[in-house]
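The values are calculated or read from the model by the stated rules, or taken from the named source; none is laboratory data. Predicted model only: the values in this text are computed from it and were never measured. Methodologically, a virtual Cβ is constructed for each residue, glycine included, from the backbone with ideal geometry; neighbour enumeration extends over all protein chains shown. Surface areas here come from the heavy atoms of the whole protein model, side chains and all, with no ligands, DNA or RNA. Shrake-Rupley method; radii C 1.70, N 1.55, O 1.52, S 1.80 Å.
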Amino acid sequence: MSYNYIKDDRITGKYVSYNHLNNILLDYNKWLSKTGYSENNLPIPLYQIGKGDVRILLWSQMHGNESTTTRALIDIFKIFSEQDYLFYNCELYIIPMLNPDGANLYTRENFNHIDLNRDAINLSQKESLFLRSVFEDVKPDFCFNLHDQRTIFGVGEKPATVSFLAPAADESRRLTEPRTKAMKLIVELNNYLQELIPNQVGRFDDSFNANCTGDQFTLLGVPTILIESGFFPNDYQREETRKYVALSILKALELINNNTFEKNTVKEYFKIPENHKNFRDFCFIDDISGEKFYFQLEEQLIGDRIIFTPKIVEGTQQNYYAHNTYSLSDIYPKKFSQREVIIDYILEYLTKEVQKYNSY
Ligand SMILES: [Zn+2]
């Protein structure tokens, strides 16, 4: 049993506003279960799909500028509406956009500048309270906490296109039963993704922070899987990564439905390479001196478009991998010049070059 992946072309690119998403979600009102409200009073719909003994809670975009997993969920909605629902043991509870105010503003934080993923104990925000109330009502057997990670994350010499974490339940990071269950599931997801994006799957750092939602829910006894959508070469809008995330979620649901992942060991989980902040977007190497100039793209919301602007990575003696590497002589005609002049020249070149990554 498996699904054919379909992309919902009505929604593309990193900027996903509440209105844009809501127009599409209207098609799925038959699954609407209940609605919470954000600090600035935007609706936060929860959808329920399927009937079964195993309850699975998924939420996306608790960080407003992390829409890749939301787009993956919309693809899954489309797939379920066009193909038979196959997970007959599973009942899904899905919040596609937990932070609609942050989504509109394209900020990580919510309307009150609070990071909702550092609010799991305080529960100071309406969004956090809504998620917690859904968690308590649903009593999920599994949770999926869905995010984006920056382009700086790599696995060795490859970008970390997808990263996973089974969050720790306490400072000692011991292997509690729920955590172990999440790890075994992740092992299988990694095996699956290695066929599609070899060596581009990472394991996220497991430092414990009880104020992080995934850590808190693991502490409360529910296996929680964090999925971080990362960079795929030249895919700054994360339309390629979106597909791998949708496929990973579908695979996870299949594995839970069929209960075919518990044979794995946690040893295999720790064999998944850790991701590191070892990448930068661009590197220009001075052919003569060997000096490396690194540049990172910053995102800015202008109207309803995301515009990328290159910025020099200052003061770095460290070597990074880069998503794109150039010899300075490829673009820079002069042999000798001051550092500042070279940097300005590259910035001018890159500003034009990266326009192709801007959303349409
Ligand atoms: Zn995030």
Original post:
For segment 1-127, what's the radius of gyration and Dmax over Cα atoms, in angstrom?
Top reply: 14.7, 45
**OP:** Mind giving me the FRET efficiency for E136 and E274? R0 is 35 Å, r the Cβ-Cβ distance, nearest 0.05 is fine.
**Re:** 0.60
Original post:
Within straight cross-link reach of K51, meaning Cα distance under 23 Å, which lysines are found once same-chain residues fewer than 8 apart are removed?
Top reply: K30, K34, K78, K139, K181, K251
Original post:
Taking every eigenvalue of the Cα gyration tensor of segment 61-131, multiplying by 5 and rooting it, what semi-axes result, largest first, whole Å?
Top reply: 27, 15, 7
Original post:
How large is the accessible surface per residue of segment 18-271, computed with a 1.4 Å probe and reported in Å² as a whole number?
Top reply: 36
Original post:
Using a 1.4 Å probe on the protein chains only, how many percent of the accessible area of segment 77-148 belongs to carbon and sulfur?
Top reply: 50
Subject >> Cα-derived Rg over Rh, computed across the chain with Rh taken as Kirkwood radius >> reply: 0.99
Original post:
At a 1.4 Å probe, what is the % contribution of carbon and sulfur to the accessible area of segment 279-357?
Top reply: 47
**OP:** Take every Cα-Cα distance within segment 150-258, group them into 10 Å bins from 0 onward, and report for each bin the whole-number percent of pairs it holds.
**Re:** 15, 44, 33, 7
Original post:
Long-range amide H contacts for Y37: which residues qualify at under 5 Å (H placed 1.01 Å from N, peptide plane, sequence gap of 5 or more or a different chain)?
Top reply: I44
Subject >> Two-site label geometry, S2 and E240: point separation in nm, points 7 Å out along Cα→Cβ >> reply: 2.0
Original post:
Rg and Dmax of segment 279-357, using alpha carbons, in Å: what are they?
Top reply: 12.9, 43
**OP:** Mind giving me the nanometre distance, one decimal, between the label points for L32 and E171, set 7 Å out from Cα along Cα→Cβ?
**Re:** 4.7
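What relative contact order, as a whole-number percentage, does segment 111-243 give when Cα pairs under 8 Å and 6 or more residues apart are counted?
About 37 percent, as a whole number.
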Original post:
Taking amide H positions as placed 1.01 Å from N in the peptide plane, with prolines and chain starts having none, which residues 5 or more places from Q149, or on another chain, fall under 5 Å of its amide H?
Top reply: S229, G230
Subject >> Relative contact order of segment 279-357, defined on C-alpha pairs under 8 angstrom at six or more residues apart (%) >> reply: 33
Original post:
What is the Cα centroid distance between segment 301-360 and segment 54-78, reported in whole angstrom?
Top reply: 32
Subject >> Gain in span if fully extended, L220 to N259, counting 0.36 nm per residue against the direct Cα distance >> reply: 11.9 nm
Original post:
Which value, in Å² rounded to 10, gives the accessible area of F130 with a 1.4 Å probe and all protein chains present?
Top reply: 20
**OP:** Enumerate lysine pairs in segment 279-357 that are 8 or more residues apart or on different chains, then count those whose Cα atoms are under 19 Å apart.
**Re:** 5
**OP:** Quick one: angle between helix 339-353 and the longest Cα principal axis of the chain, in degrees between 0 and 90, rounded to 10, please.
**Re:** 50
Subject >> Reference-scaled alpha-carbon Rg (2.2 N^0.38 Å with N residues) for segment 261-301 >> reply: 2.09
Subject >> Electrostatic dipole magnitude of segment 74-200 [Cβ: Lys, Arg +1; Asp, Glu -1; Cα centre; debye, to 20] >> reply: 360
Original post:
Counting only residues 5 or more places away or on other chains, whose amide H sits under 5 Å from the amide H of R280 once H atoms are built in the peptide plane?
Top reply: Y321, A322, H323
**OP:** Per DSSP H run of n ≥ 4, the term is -39500 (n - 2.57); total these for the chain, divide by its residue number, and report the mean residue ellipticity at 222 nm rounded to 500 deg cm²/dmol.
**Re:** -9500 deg cm²/dmol
Subject >> Among beta bridges that DSSP assigns inside segment 279-357, antiparallel share in %, nearest 5 >> reply: 65
Original post:
What is the log10 of I(q)/I(0) for segment 3-52, computed with the Debye formula using one identical point scatterer on each Cα and no solvent, at q = 0.15, 0.20, 0.33 Å⁻¹?
Top reply: -0.53, -0.88, -1.22
Original post:
Tell me which aspartates and glutamates have Cα within less than 19 Å of K158's Cα, excluding those fewer than 8 residues away on the same chain?
Top reply: D148, E195, D205, E228, D235, E239, E240, E274, D281
Original post:
For the residue pair N19 and N199, what label-to-label distance in nm results when each label sits 7 Å from Cα along the Cα-to-beta-carbon direction?
Top reply: 4.6
Original post:
Sorted from largest down, what three extents in whole angstroms do the Cα atoms of segment 90-167 have along their principal axes?
Top reply: 43, 34, 22
**OP:** Could you grab the relative contact order for the chain? Cα pairs under 8 Å, six or more apart, rounded to a whole percent.
**Re:** 17
